[in-house]
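Peer 1: Got a structure for you, questions after.
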Amino acid sequence: MSASHKPIYLDYHATTPLDPRVLEAMLPWFTENFGNAASRSHSYGWQASEAVELARGQVAKLLKADPKEIVFTSGSTEGLNMAIKGIAESSGSIGKHIITIATEHHAVLDPIEWLEKKGYEITVLPVDIYGHFDLNRLKECIRKDTIMVVVMWANNETGVLYPLTEIGMICQAAGVPLISDATQAAGKIKINPLESGVGMLTLTAHKFNGPKGVGAIYLNEKGLRVKPAALIQGGGHERGFRSGTLNVPGIVGLGMAALLRQNDLLEDGLRMKRLRDHFEKSILSTVEAVFVNGDIDSRLPTVSNVKVTAVDSQAVMNRFRSKLAISSGSACSSANPEPSHVLLAMGLSAAEAKGSFRISIGSTTTLEEVDKAAQILKDAIDAERSQSPLWQMFKQGIDIS
Ligand SMILES: *Cc1c(COP(=O)(O)O)cnc(C)c1O
């Protein structure tokens with residue numbers, strides 16, 4: 001299959017292709033420079049260690065952080081488990097209350113649910129139709145025994161940006177550490193955890209043209225009341241926070257990806273925003289009864305989440321799987337897709353969530369791809385609706401929600 005016959009890829013929030021410059025930087029660390037960064041007695045180890053420290057500086061720079069505040073991980077799922085379970089473990093004397101929001105990724109919600117089963121008390125703040133939660137409500141929910149507040153920087157499905165600086169001020173005033181999943185924000189918009197009062201955040205390379213299976217946490221010990229307990233114990237790597245032989249090629253790739261994103265951040269962000277807006281305008285003007293999910297005034301430049309009345313996104317996508325790769329408003333990890341918990345939390349019905357699509361743009365996306373994608377999606381929606389009794393009912397003014 002030649003590249004031109006592959007489906008157009010507009011699912012960059014799921015993962016991104018490796019930038020060729022990142023691959024080039026990584027390659028020698030698989031082959032001739034194969035040393036273990038923890039080997040202190042010879043140049044193989046020293047070289048690997050130097051490469052890791054260079055990458056640590058590159059990641060730190062992306063976050064305007066100190067290299068000492070960066071700990072390498074296998075990605076955001078691990079980083080979030082480490083932050084949430086690690087802080088919970090270390091906060092025994094302070095309390096067992098955790099606050100988070102309903103639109104978090106499962107990499108946050110699942111470890112928190114696991115803690116709930118172990119006796120922790122969880123407050124999940126609800127969100128409105130725009131995806132936002134009430135900051136006053138957060139203030140009211142913080143208690144003496146609250147050990148952390150967990151709020152993502154940007155939502156993966158809708159792109160909604162949370163006001164981290166304001167949230168950080170509330171948490172700092174109450175003396176409660178703020179943890180943030182910045183997986184979708186890192187490398188796409190400027191983020192500065194220190195300025196925003198974030199004690200710990202996570203990112204992963206594969207969401208910004210780096211390799212899969214490598215990420216980092218930012219860990220500001222002054223922003224935390226306790227030192228998070230290590231989940232993975234062993235040789236004491238990464239200052240004891242995360243043991244295990246370092247993935248040197250992956251870390252080099254993460255560093256290079258961070259460097260490249262930092263150089264291109266503003267220009268590329270604007271370019272992607274124009275493409276996203278172009279796509280959205282095109283769908284909104286050519287397809288009836290389409291709505292954008294989430295706060296359109298405060299979201300990432302890379303994503304559009306649209307609700308299409310009276311269709312099932314799986315059925316629509318079945319019509320173009322060989323031509324266009326996008327994702328639906330449901331968790332496709334199981335055989336029977338459940339409607340997205342994010343869209344449900346925003347007040348959409350199960351049918352509305354299942355009639356939603358996520359189109360996400362990357363730094364290699366072109367105007368031609370976006371135009372074609374809008375046409376493919378429109379044609380499939382039209383075809384699906386032409387056979388849909390539900391759509392006929394909607395046209396007759398019957399409430400189908
Ligand atoms: C992709 C993603 C994760 C998981 O990151 P991995 O590195 O793939 O484990 C967590 N949170 C958000 C918001 C994501 O988009």
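The values are calculated or read from the model by the stated rules, or taken from the named source; none is laboratory data. Only a predicted model underlies this, so the values are computations on that prediction, with no experimental measurement involved. Note that we place each Cβ from the backbone using ideal geometry, even for glycine, and neighbour counts take in every protein chain shown.
Peer 1: Scan GLY253, GLY294, GLY269, GLY215 and give me the residue that is within 16 Å of the ligand (Cβ to nearest atom), more than 30 Å from GLU50 (Cβ to Cβ) and under 19 Å from the mean Cα position of the chain (by Cα).
Peer 2: Only one candidate qualifies: GLY294.
Peer 1: While we're looking at this one, here's another question. Based on this model, can you work out whether ALA38 counts as away from the ligand (no atom under 16 Å from the Cβ), under 22 Å from the mean Cα position of the chain (by Cα) and not assigned by TED's automatic domain parsing to the domain that holds LEU275?
Peer 2: Taking the combined requirement at face value, the residue does not satisfy it.
Peer 1: Output the number of the condition that ALA310 fails; it satisfies all remaining conditions of (1) on the phi > 0 side of the Ramachandran plot; (2) surrounded by fewer than 16 Cβ atoms within 10 Å (Cβ to Cβ).
Peer 2: All conditions pass for ALA310, except number (2).
Per-residue answers, yes or no, for (1) under 17 Å from the mean Cα position of the chain (by Cα); (2) within 30 Å of ILE94 (Cα to Cα); (3) small (Gly, Ala, Ser):
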| site | (1), (2), (3) |
| --- | --- |
| ALA186 | yes, no, yes |
| ILE191 | yes, yes, no |
| MET200 | yes, yes, no |
| GLU221 | no, yes, no |
| PHE241 | no, yes, no |
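Peer 1: Inspect all residues belonging to the range 247-260 and state whether any of them is more than 26 Å from THR31 (Cβ to Cβ), touching a Leu at 6+ places or on another chain (Cβ under 8 Å) and outside the structural domain of GLU368 (by TED's automatic domain parsing).
Peer 2: no
Peer 1: Further question on the same structure: Any residue at all in the range 99-119 that is in contact (Cβ under 8 Å) with a residue 40 or more places away in the chain, more than 12 Å from the ligand (Cβ to nearest atom) and either surrounded by fewer than 24 Cβ atoms within 10 Å (Cβ to Cβ) or not in a strand (DSSP E or B) (or both)?
Peer 2: Yes, the range 99-119 has at least one match.
Peer 1: While we're here: Evaluate the following for GLY362: is it in a loop (DSSP other than H, G, I, E, B), at pLDDT 95 or above, assigned by TED's automatic domain parsing to the domain that holds ARG271 and surrounded by 15 or more Cβ atoms within 10 Å (Cβ to Cβ)?
Peer 2: So GLY362 passes the test.
Peer 1: Being part of a helix (DSSP H, G or I) and touching a strand residue (DSSP E or B) at 6+ places or on another chain (Cβ under 6 Å) is the filter here; which residues of the range 31-85 pass it?
Peer 2: Once the filter is applied, which keeps residues that are part of a helix (DSSP H, G or I) and touching a strand residue (DSSP E or B) at 6+ places or on another chain (Cβ under 6 Å), the range 31-85 yields ARG56, VAL59, ALA60, GLU69, SER76, GLY79, LEU80, ALA83.
Peer 1: Does the range 134-151 hold any residues that are within 24 Å of the chain's Cα centre (by Cα) and crowded, with 20+ Cβ neighbours inside 10 Å, and which are they?
Peer 2: LEU138, ILE147, MET148, VAL149, VAL150, VAL151
Peer 1: If you don't mind, there's one more thing I want to ask. When you go through LEU201, LEU194 one by one, which is the residue that is in contact (Cβ under 8 Å) with a residue 40 or more places away in the chain, under 24 Å from VAL59 (Cβ atoms) and outside any loop (DSSP other than H, G, I, E, B)?
Peer 2: Going through LEU201, LEU194 in turn, just one is in contact (Cβ under 8 Å) with a residue 40 or more places away in the chain, under 24 Å from VAL59 (Cβ atoms) and outside any loop (DSSP other than H, G, I, E, B): LEU201.
Peer 1: Out of GLY131, GLY119, GLY159, which single residue is over 30 Å from ASP11 (Cα atoms) and of a type outside the set (Phe, Trp, Tyr)?
Peer 2: It is GLY119.
Peer 1: Out of ALA65, ALA107, I need the residue that is modelled with pLDDT of 95 or more and in contact with a Pro (Cβ under 9 Å, 6 or more places away or on another chain). Which one?
Peer 2: ALA65
Peer 1: Output the number of the condition that TRP391 fails; it satisfies all remaining conditions of (1) within 30 Å of GLY269 (Cα to Cα); (2) assigned to a helix (DSSP H, G or I).
Peer 2: So the condition that TRP391 fails would be (1).
Peer 1: What residue, among those in the range 1-29 that are assigned to a loop (DSSP other than H, G, I, E, B), away from the ligand (no atom under 16 Å from the Cβ) and under 28 Å from the mean Cα position of the chain (by Cα), is modelled with the lowest pLDDT?
Peer 2: Checking each candidate, the answer is LYS6.
Peer 1: Output the residue which, of all residues in the range 210-230 that are surrounded by fewer than 18 Cβ atoms within 10 Å (Cβ to Cβ) and of a type outside the set (Gly, Ala, Ser), is farthest from VAL59 (Cα to Cα).
Peer 2: ARG225
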